[in-house]
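The values are calculated or read from the model by the stated rules, or taken from the named source; none is laboratory data. Values in this document were obtained by computation on a predicted structure and should not be read as measured data. Virtual Cβ from ideal backbone geometry, glycine too; neighbours counted across all protein chains shown.
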Amino acid sequence: MSSSSSRQIWTFVGKALAIYGMWYVAYDLWLLPDGRLDAWLSKNVAWMTDMVMTAFGFDVFSSGRYVVPAGAGGVEIANGCNGLTTVGLFIGFVVAYPGRWWRRMIFIPLGILAIYATNVFRIVIMLLAQLYWPAAFDPLHGFGLTTIFYVAVFGLWVVWVNYGGATKSLSSQLESAPA
């Protein structure tokens, strides 16, 4: 690996860690204690989950952070489950990796929408599990469906790396570097 490629990798890692650190501090010390953004997002995700389930013919009730299908206990969309921290991780990766700023300004909102849709899909699956396979709810909630966020962010990052607009992407430089 050439010194230029190595430097670019360390620059990316450094930027990603710095952005993650800033996001962590901003979220834990300001956004989470304030609570308004989390509350709004949780209520919005609950409402959209209700709309999706209703569109597919399910009898669902939502109020605030809660979504309750008829015949099941329902779920509460808590602060850690509304996707906000995942959005921060995604934005950090996109900002840290080389690319054109105008493409970032298009890609970041599209990525946020994709993460939002992924979260609604995840909650719909949990509600369906409550209705049709209650024993699967805890494993799905604890591990199975949490992983979907990381897969979505990784997939979005792969799209950014390949189409983000860097004149010569880090991945192509790594591929052309001698072993």
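Determine whether segment 72-80 contains at least one residue that is touching a Leu at 6+ places or on another chain (Cβ under 7 Å), part of a helix (DSSP H, G or I) and either touching a residue at least 12 places away in the same chain (Cβ under 8 Å) or over 26 Å from Ala136 (Cβ atoms) (or both).
Checked segment 72-80: at least one residue is touching a Leu at 6+ places or on another chain (Cβ under 7 Å), part of a helix (DSSP H, G or I) and either touching a residue at least 12 places away in the same chain (Cβ under 8 Å) or over 26 Å from Ala136 (Cβ atoms) (or both).
Report yes if some residue within segment 100-113 is in contact (Cβ under 8 Å) with a residue 40 or more places away in the chain, in contact with a helix residue (DSSP H, G or I) (Cβ under 9 Å, 6 or more places away or on another chain) and more than 24 Å from Val25 (Cβ to Cβ); otherwise report no.
yes
Hey, can you tell me all the residues within segment 102-129 that are of a type outside the set (Val, Ile, Thr) and either crowded, with 18+ Cβ neighbours inside 10 Å or in contact with a Lys or Arg (Cβ under 7 Å, 6 or more places away or on another chain) (or both)?
Arg104, Phe107, Gly111, Tyr116, Asn119, Arg122, Met126, Leu127, Leu128, Ala129, listed by residue number.
Here's the yes/no breakdown for (1) farther than 22 Å from Ala152 by Cβ; (2) touching an Asp or Glu at 6+ places or on another chain (Cβ under 7 Å):
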| site | (1), (2) |
| --- | --- |
| Ile19 | no, no |
| Trp23 | no, no |
| Asp28 | yes, no |
| Arg36 | yes, no |
| Ala39 | yes, no |
| Gly71 | yes, no |
| Val75 | no, no |
| Asn82 | no, yes |
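Given the conditions (1) closer than 16 Å to Tyr116 by Cβ; (2) surrounded by fewer than 13 Cβ atoms within 10 Å (Cβ to Cβ); (3) among the polar types (S, T, N, Q), report the number of the one that Ser6 does not fulfil.
Answer for Ser6: the failing condition is (1).
Okay, residues lined up against (1) surrounded by fewer than 19 Cβ atoms within 10 Å (Cβ to Cβ); (2) not in a loop (DSSP other than H, G, I, E, B):
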residue	(1), (2)
Val13	yes, yes
Ile19	yes, yes
Val25	yes, yes
Trp30	yes, yes
Gly57	yes, no
Phe90	no, yes
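Check Ala117 against each of (1) under 23 Å from Ile9 (Cα atoms); (2) of a type in the set (A, V, I, L, M, F, W, C); (3) within 11 Å of the chain's Cα centre (by Cα) and name the one condition it does not meet.
The number of the failed condition is (1).
Considering only segment 153-160, I want to know if a residue exists there that is over 25 Å from Gly80 (Cα atoms), at pLDDT 65 or above and of a type in the set (A, V, I, L, M).
yes
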